[in-house]
Structure formats: structure tokens, C-alpha cells
Amino acid sequence: MIYSLLTLLTGENLQLANQASQLGKSYYNFIVAGIIILIAAVAILFVVFAYIKSRKVLPKIITIKQPLHLVGYSVEAKSDRFVVDDDDLWERYRQRRATIQNRKESFSNLSVLKKTGEGTVKYFIGSIVNDFSVKEDDLEAVTVPMGLYVDIHIKANNKATWRKQRDKAYDYIMEKWIPESEYELDDKSEAMIMEYHDKRDVMNTRTVILYFALRKKSGINEPKNEVEEEVAEEKEEA
């Protein structure tokens with residue numbers, strides 16, 4: 001009788017122990033699964049963040065080493081910033097663009113802003129051509145000079161808002177980047193500000209690149225090269 005009772009109690013204890021073990025394993029598996037999901041979520045967020053960051057292009061100083069040749073149309077405008085969107089000028093250029101000879105790029109257009117007076121600018125819209133060997137009387141020729149520029153890229157994926165994106169980038173360069181840099185806008189340049197449109201990217205409405213001509217702020221010297229530094233040191237020693 002006692003043996004039977006002990007056997008029964010032992011069996012119940014073993015059963016309870018097995019149940020507890022199963023619960024423990026289930027809890028452990030739950031914790032492991034939760035950790036795996038958390039790691040996967042963090043990895044996905046990291047990839048998304050990296051992708052977003054890669055699409056955010058910061059301003060970059062570049063040197064145009066060869067002049068760019070353009071042909072197109074221009075208009076005089078009263079503006080101190082690059083927001084001139086003259087519908088008549090654009091329409092005139094669009095109708096002519098496909099028949100412009102000697103075009104270097106068929107997928108793009110370039111707008112150029114040149115200061116012509118106090119509060120007045122020349123607003124030009126045209127296409128990049130290989131050279132000016134082909135003369136077309138109704139088109140104006142413009143040369144973008146070599147020199148130092150800062151550019152900023154805009155991936156415009158919405159036809160309705162790309163101008164706002166452009167204006168935001170413009171304000172950032174003019175109101176923050178240039179004032180905090182060692183450069184100022186070169187308002188004497190033949191291409192003070194440029195706006196390049198590239199429509200090859202099927203994932204975006206267009207790629208817009210803004211260019212701003214730069215010059216050193218007064219009182220800031222260009223960095224000396226090694227030869228200049230050696231000469232300066234020799235003069236100091238003498």
C-alpha cells in the first residue's frame with residue numbers, strides 16, 4: 001500500500017517536473033525568438049537608415065576645369081535669387097530643344113543666372129553643346145567659365161514639389177553653407193548660379209544639381225604649397 005502510494009506520488013512529481021521542463025523550454029524558445037526578431041528589426045532599421053543617408057547628398061566643392069558651351073535663350077529679370085521660372089522662355093526653349101544641333105547631352109538642360117546690375121540678372125536656359133562650330137542664328141551662345149563651385153544634388157521624385165526642394169537647397173547654400181564657409185558667392189562670374197536638370201533616372205522625376213560660383217572671402221589666403229612654405233621659412237631664418 002505504502003509502495004503504491006509512493007509510486008503514485010513519484011509519478012505525479014515526474015509529470016509535474018516534465019510539465020515544468022516543457023514550460024521552461026517554451027519560455028526559453030520564446031525569449032530566443034524575441035531576441036532574434038529584435039536583432040532582425042535593428043538590422044532592417046540600420047539598412048533603411050544607411051539607404052536614406054546615402055541618398056542625402058551634402059554640398060561639395062568642385063573645380064570646373066574645362067569651359068562648358070551652351071546655346072539657348074535668355075531674358076533679363078529683376079531678381080536677386082534663382083527662382084525665376086519664366087514660362088514663355090521655357091516654352092520657347094522646349095519647342096526648340098529637340099532640333100538644336102551639336103548637342104552634347106539629349107537628356108538635360110542647364111539654366112544660368114548672371115548678375116547684370118543691382119537687382120537685375122540675366123536668366124539663360126539652354127543645352128550643353130560640344131562646341132560653337134555650328135552657328136544657329138536664333139540661339140544665344142553662353143560659356144560657363146572654369147573655376148571653383150559648390151554643388152548640391154536634389155533627387156526630385158515629385159513633379160509638384162521639386163521646386164520647393166530646389167528652393168530649400170538654395171536657401172541652405174546661401175543662408176547657411178556660404179556664410180559659415182571661407183568662401184563667398186562670386187557675383188561677377190558669367191555663371192553665378194546654375195541649375196542642371198537630368199531626367200535619365202527612371203526612379204525619380206529628375207535630378208537637379210545647383211552650382212554656385214565661389215571666391216575666397218577677403219582676408220583669407222589660399223593655403224601655401226610646400227615650396228612656398230620652404231621659401232617662407234628660409235626668409236624667416238635669414
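The values are calculated or read from the model by the stated rules, or taken from the named source; none is laboratory data. Values in this document were obtained by computation on a predicted structure and should not be read as measured data. Please note: Cβ atoms are built from the backbone with ideal geometry, for glycine as well, and neighbour counts cover all protein chains shown.
Tabulated values for the structure
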item	result
Search result, residues across region 158-180 that are among the hydroxyl-bearing types (S, T, Y) and touching a strand residue (DSSP E or B) at 6+ places or on another chain (Cβ under 8 Å)	Y170, Y172
Given (1) basic (K, R); (2) in a loop (DSSP other than H, G, I, E, B); (3) under 29 Å from D201 (Cα atoms), index of the condition K135 fails	(3)
Count - residues of region 138-185 that are among the acidic types (D, E), in a strand (DSSP E or B) and under 26 Å from R96 (Cα atoms)	1
Boolean, Y211 is under 21 Å from T120 (Cα atoms) and at pLDDT 95 or above	yes
Some residue of region 153-171 being on the phi > 0 side of the Ramachandran plot and either among the hydrophobic types (A, V, I, L, M, F, W, C) or assigned by TED's automatic domain parsing to the domain that holds P67 (or both)	no
Residue match in region 193-206 (condition: at pLDDT below 65 and either part of a helix (DSSP H, G or I) or among the polar types (S, T, N, Q) (or both))	no
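Residue-by-condition table, conditions (1) at pLDDT below 80; (2) at negative phi; (3) touching a Ser or Thr at 6+ places or on another chain (Cβ under 9 Å); (4) outside any loop (DSSP other than H, G, I, E, B):
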residue: S54; (1), (2), (3), (4): yes, yes, no, yes
residue: S79; (1), (2), (3), (4): yes, yes, yes, no
residue: F82; (1), (2), (3), (4): yes, yes, yes, no
residue: D88; (1), (2), (3), (4): no, yes, no, yes
residue: E91; (1), (2), (3), (4): no, yes, no, yes
residue: Q95; (1), (2), (3), (4): no, yes, no, yes
residue: S111; (1), (2), (3), (4): no, yes, no, yes
